[in-house]
Every structure is written in structure tokens, then in C-alpha cells.
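Report on the structure given below.
The values are calculated or read from the model by the stated rules, or taken from the named source; none is laboratory data. Note that the coordinates shown come from a computational prediction; the quantities given were computed from them, not determined experimentally. Reconstructed Cβ throughout: ideal geometry from the backbone, glycine too, with neighbour counts over all protein chains shown. These area figures cover heavy atoms from the full protein model, side chains too; ligands, DNA and RNA do not enter into them. Shrake-Rupley method; radii C 1.70, N 1.55, O 1.52, S 1.80 Å.
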Amino acid sequence: RSRERVEAEADWLRLARGRGVPLSILRLSGIYGPGRNAFENLKSGKARRLVKPGQVFNRIHVDDIAGALRLLAARNENAIVNVTDDEPAPPQDVVAFAAEIGGFDLPPEVDFESADLTPMARSFYGENKRVRNRRLKSLGYEFFFPTFREGLGALKP
């Protein structure tokens, strides 16, 4: 999937250059916000603390996606930008944090190797993604929610 995304980006870049228009490509991390977050998963009983040693992911709150879009559009920026928070973290830590501040029972840890996952979920969790947002910050963007802690704190039920 990652290779296919890079190929798609190259196609968009060629098209934009050929038409002489600016193009920003936003590479989004795990998206969360109202209605789509660890609290919702905990409430519905779907939250899992899937453990794969050394694995981390970045996340991004929908308000920061909108803010980054606003900045890039206002500047007519030509850029490939990671729209991601400042703290890559293991998925189980995010669920544990949400359970703690939201007053939910902590789901048990599940070992990745023995977890019952769909092929798509296994593929997703099979990757380890730690990305930086230096480019976005260098363009002047200031995050509403620099880490999942602030983002989930604002969404706390």
C-alpha cells in the first residue's frame, strides 16, 4: 500500500506540474476526533490493547488536519507534508491513556502474533510508522493538539 501511495503522489505531482498549478500532498497519520477516537472504542467494547514490541504510530486530530489544509491553501504551497502529531506512541498506550482519563476499564493486552485480525488489520499493524512533522512546522503551523494526550483530553466524555 505504501508503494501504491507513492506512485499515486508522483502521478498527482506530474499532473500539477503539467497544468502549472500548486499542489500540496498531505500524508495523514491515524485520524481521530469527535465520534472517532479511543473513547468511542472503549464505550462500544471494541477497544483493544494490541501489543507488538517496538511498534509505534503517529496520530492526528481532525482539527489539525483542517488547520494544516487552511495554512497550505492560503500559501499556495507546493509541498509533501506529514500531517502528524509530535508523539509517535504504541497503540496500547493510547487506549490505556483514554481508559485512565475517561474512567473506563482497561482492556486486556493482546499479543499481536496470536491476535484474531483480518488480513487488512494484520497488514496495517504489521507496519511500524514513526514520522516527523518538521516540514509542516517550518511552514508556520502550530498544532491545536500536539500529542494524543491533548487531543483525547479535549474529547474526554
Practice problem: Report the residue, chosen from Pro108, Pro91, Pro119, that carries the largest GNM mean-square fluctuation when the chain is represented by alpha-carbon nodes joined by springs under 10 Å. | Solution: Pro119
Exercise. On the protein heavy atoms, probe 1.4 angstrom, tell me the percent of accessible surface of the chain carried by carbon and sulfur.
Key: 52 percent
Exercise. Calculate the length of the line joining the C-alpha centroid of the range 1-41 to that of the range 106-123, in whole Å.
Key: 26 Å
Quiz item: Which entry in [x] 55, 40, 32; [y] 54, 33, 24; [z] 45, 37, 29 is this structure's computed Cα extents along the principal axes in Å?
Solution: [y]
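If the only charges are +1 at each Lys and Arg Cβ and -1 at each Asp and Glu Cβ, what is the size of the charge dipole of the chain around the Cα centre, to the nearest 20 debye?
620 debye
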Quiz item: Hey, if you put +1 on the Cβ of every Lys and Arg and -1 on every Asp and Glu Cβ in the chain, which of Leu136, Pro108, Val56 ends up farthest toward the positive end of that dipole?
Solution: Leu136
